[in-house]
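The values are calculated or read from the model by the stated rules, or taken from the named source; none is laboratory data. Remember, it's a predicted structure, so these values are computed and weren't measured experimentally. Here the Cβ positions follow ideal geometry from the backbone for every residue, glycine too, while neighbour counts run over all protein chains shown. Please note that ligands, DNA and RNA were not included when accessible areas were found on the heavy atoms of the full protein model with its side chains. Shrake-Rupley method; radii C 1.70, N 1.55, O 1.52, S 1.80 Å.
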Amino acid sequence: MHLVINFKTYKEASGEKAINLAKKLENIKSKHTIILCPQQIDIALLAKNTTLPIFVQHADFVEKGQTTGWIPTESVKKAGAQGTLLNHSEHKLSFNQLKKTVEIARSFRLKIIICAATPDEAKNIALLKPDFIAIEPPELIGGNISVSTAKPELITDTLKQVKNIPVLCGAGIKKKSDVAKAVKLGVQGVLVASSVVLAKNPKNVAEELLKGFK
Ligand code: G3P
């Protein structure tokens, strides 16, 4: 199972604080995989300072060279990322952009998680064969009601549409029971942010969420 923790651009998970957070999380003993998604600007720093796998929050399909202001996938790889999140509802891409990014990310052997807001979008995204698809209803992101509680049918419909690609779910996942419900529905992991990043004790919260995988 996979616990993917998106640092977003929270100040609690930026720069030095991103390192502190990663250090706390890497002390967790678990048979499950914990993946961190820090900001692009923190990748190199984190890669040097944590043993946990790092997936960048977004990478661009551009090549290195005359691409001012973009973040080439190659740079992300060289900075130490093992994978990339793409198409988060806070950073949507067109299908064509996604296709190009997936191609280039694959060429650099980066793992890929693509987010989808609906089962239909997930079905379309499955054509690109990412390593994971994460279903996240935007309206529940950052709230206290989890996708597995409020919209279980979104997860089951996604699982019907997506075959042979592990599905994750996210949005509003705050506690062990939210994770347990999601696992019961058939996901291979969860994507979380505020529950861990904004917690007084992020390690305790992450450990609690991991218990939901049992
Ligand atoms: O990428 C995960 C995120 O969108 C979910 O956020 O704060 O609802 O766990 P949150």
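Odds and ends about this structure:
- The residue of the range 71-81 that is farthest from residue 109 (Cα to Cα), among those that are within 17 Å of the chain's Cα centre (by Cα) and assigned to a loop (DSSP other than H, G, I, E, B), is 80.
- Lone unmet requirement of (1) in contact (Cβ under 8 Å) with a residue 40 or more places away in the chain; (2) within 15 Å of the ligand (Cβ to nearest atom) for residue 150: (1)
- Of all residues in the range 163-181, exactly one satisfies the criterion of being away from the ligand (no atom under 12 Å from the Cβ) and open to solvent by less than 10 Å² (accessible area, probe 1.4 Å), namely 167.
- Tally of residues being touching a strand residue (DSSP E or B) at 6+ places or on another chain (Cβ under 6 Å) and open to solvent by 50 Å² or more (accessible area, probe 1.4 Å) across the range 64-81: 3
- Of the candidates 84, 51, 9, 68, the single residue that is within 16 Å of the ligand (Cβ to nearest atom), polar (S, T, N, Q) and in a loop (DSSP other than H, G, I, E, B) is 9.
- Any hit, the range 102-116, residues being within 11 Å of the ligand (Cβ to nearest atom) and within 21 Å of residue 87 (Cβ to Cβ): yes
- Number of the condition not met by residue 139 [criteria: (1) open to solvent by 50 Å² or more (accessible area, probe 1.4 Å); (2) within 24 Å of residue 177 (Cβ to Cβ); (3) part of a loop (DSSP other than H, G, I, E, B)]: (3)
- Of the residues making up the range 19-35, those that are in contact with a Ser or Thr (Cβ under 9 Å, 6 or more places away or on another chain) and farther than 17 Å from residue 208 by Cα are 19, 23.
- Matching residues, the range 185-204, being surrounded by 22 or more Cβ atoms within 10 Å (Cβ to Cβ), more than 9 Å from the ligand (Cβ to nearest atom) and among the aliphatic types (A, V, I, L, M): 187
- Of all positions in the range 130-138, at least one carries a residue that is within 12 Å of the ligand (Cβ to nearest atom) and out of contact with any strand residue (DSSP E or B) (no Cβ under 8 Å at 6 or more places or on another chain).
- Matching residues, the range 91-141, being over 23 Å from residue 33 (Cβ atoms) and among the charged types (D, E, K, R): 92, 99, 100, 103, 120, 121, 123, 139
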